[in-house]
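Below is one structure; the comments refer to it alone.
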Amino acid sequence: LNNVDYSMSVRMHGETGRCTCELIDGDRILGDENDGGLVKSDPLVISDDIIEYIKTFDVVHVSCYSYIDDQLYKVKEAGIPLLYDFSTAWEEEKVEKIGKVADFILFSQKDDLTEEENYKMFIDAVDKYHCKVSVMTMGIKGAWVYDGKQVYKKMPYNVEGGAIDTTGCGDSWISGFITTYIEAMKRLNLMITSSDDCFILRENAEDTKKHAIELSMCIANLRARNTCRIKGAYGHGIPIESYTGEVKK
């Protein structure tokens, strides 16, 4: 289903992470039921085979709920760009640690903090803890991106159009952003390395990077907006009472 390769997925005996999901005015509220299940009690071991497999991709995405922070140095040493998602579970000590291995850090805004407090962590991730790009998503208040040179802000598209279900909206936003940005940087780097010194000047490259971020945020908005109009993010929901453990294709 959806052409997702799961050949490298680890199979274990036990419970996967399980949560409740309530929809309140189109927004989804998640509740943890079993403390992450096996993902937390027996986290993935990043083996040499896994490293070789992920080397075939352009970027690795991992989150604070993957429970493999202590193994991320393996990804760093392999030279694979890493995107780390903190959701709202961020604090300075953790950001300092992850800044040593992550190229991109994603934050979700904490509603119990002021805008200034959220903004400071977003900026410090780059200026103080040395990741390359930090991102903070803020729901209907938009998103920030910071590359150490400029803060970019983008408001969401067509908020007035309403939402059927916001489940997966943030994931769609960051996937739209990172895939567009990585592809643009690949093309830019290829042109730089294959050109003579007079073809692409430094200021030309910096201008391209700036517009790549802006375009990536636009694509992210479009992806997120589309997901807001789908029940359950994937559109393949089934009634709980009819679930047998097999996904119907």
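The values are calculated or read from the model by the stated rules, or taken from the named source; none is laboratory data. Just so it is clear, the structure is predicted and the values come from calculations on it, not from any experiment. Here Cβ is always computed from backbone atoms with ideal geometry, including for glycine, and neighbour counts include all displayed protein chains. Just so you know, the surface numbers come from the protein's heavy atoms only, side chains and all, with ligands and any DNA or RNA stripped out. Shrake-Rupley method; radii C 1.70, N 1.55, O 1.52, S 1.80 Å.
Summary table below
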read-out	value
Failed item, numbered, when residue 134 is tested on (1) surrounded by 18 or more Cβ atoms within 10 Å (Cβ to Cβ); (2) more than 20 Å from residue 65 (Cβ to Cβ); (3) small (Gly, Ala, Ser)	(2)
Residue match in the range 118-137 (condition: among the charged types (D, E, K, R), outside any helix (DSSP H, G or I) and modelled with pLDDT under 95)	no
Selected residue [aliphatic (A, V, I, L, M), in contact with an Asp or Glu (Cβ under 8 Å, 6 or more places away or on another chain) and either over 13 Å from residue 215 (Cα atoms) or touching a residue at least 60 places away in the same chain (Cβ under 8 Å) (or both)] from 135, 159, 126	126
Set 180, 208: member being within 27 Å of the chain's Cα centre (by Cα), closer than 27 Å to residue 63 by Cβ and of a type in the set (S, T, N, Q)	180
Meets criteria (more than 15 Å from the chain's Cα centre (by Cα), exposed (fewer than 13 other Cβ atoms within 10 Å of the Cβ) and not hydrophobic (A, V, I, L, M, F, W, C)) for residue 37	no
When residues of the range 1-18 are limited to those that are hydrophobic (A, V, I, L, M, F, W, C) and at pLDDT 75 or above, the one farthest from residue 169 (Cα to Cα)	12
Filter result for residue 55 (open to solvent by 80 Å² or more (accessible area, probe 1.4 Å), under 19 Å from the mean Cα position of the chain (by Cα) and closer than 30 Å to residue 189 by Cβ)	yes
Every residue from the range 142-172 that is over 24 Å from residue 104 (Cα atoms) and outside any helix (DSSP H, G or I)	158, 162, 163, 164, 165
Among (1) more than 21 Å from residue 234 (Cα to Cα); (2) open to solvent by less than 40 Å² (accessible area, probe 1.4 Å); (3) of a type in the set (S, T, N, Q), the one test that residue 167 misses	(1)
Given (1) of a type in the set (Gly, Ala, Ser); (2) over 30 Å from residue 50 (Cα atoms); (3) in contact (Cβ under 8 Å) with a residue 60 or more places away in the chain, number of the condition residue 108 does not satisfy	(2)
Of all residues making up the range 71-98, the number that are outside any strand (DSSP E or B) and in contact with a Gly (Cβ under 9 Å, 6 or more places away or on another chain)	1
Set 105, 68: member being surrounded by fewer than 18 Cβ atoms within 10 Å (Cβ to Cβ) and among the hydrophobic types (A, V, I, L, M, F, W, C)	68
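Listed here are the residues, each with its yes/no results for (1) modelled with pLDDT of 95 or more; (2) part of a loop (DSSP other than H, G, I, E, B).
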| position | (1), (2) |
| --- | --- |
| 31 | no, no |
| 40 | no, no |
| 45 | no, yes |
| 61 | yes, no |
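Residues are listed down the side, and each one gets a yes or a no for (1) of a type in the set (Ser, Thr, Tyr); (2) open to solvent by 40 Å² or more (accessible area, probe 1.4 Å); (3) touching a Ser or Thr at 6+ places or on another chain (Cβ under 8 Å); (4) not in a helix (DSSP H, G or I):
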position: 174; (1), (2), (3), (4): no, no, yes, no
position: 182; (1), (2), (3), (4): no, no, no, no
position: 189; (1), (2), (3), (4): no, yes, no, no
position: 207; (1), (2), (3), (4): no, yes, no, no
position: 214; (1), (2), (3), (4): no, yes, no, no
position: 220; (1), (2), (3), (4): no, no, yes, no
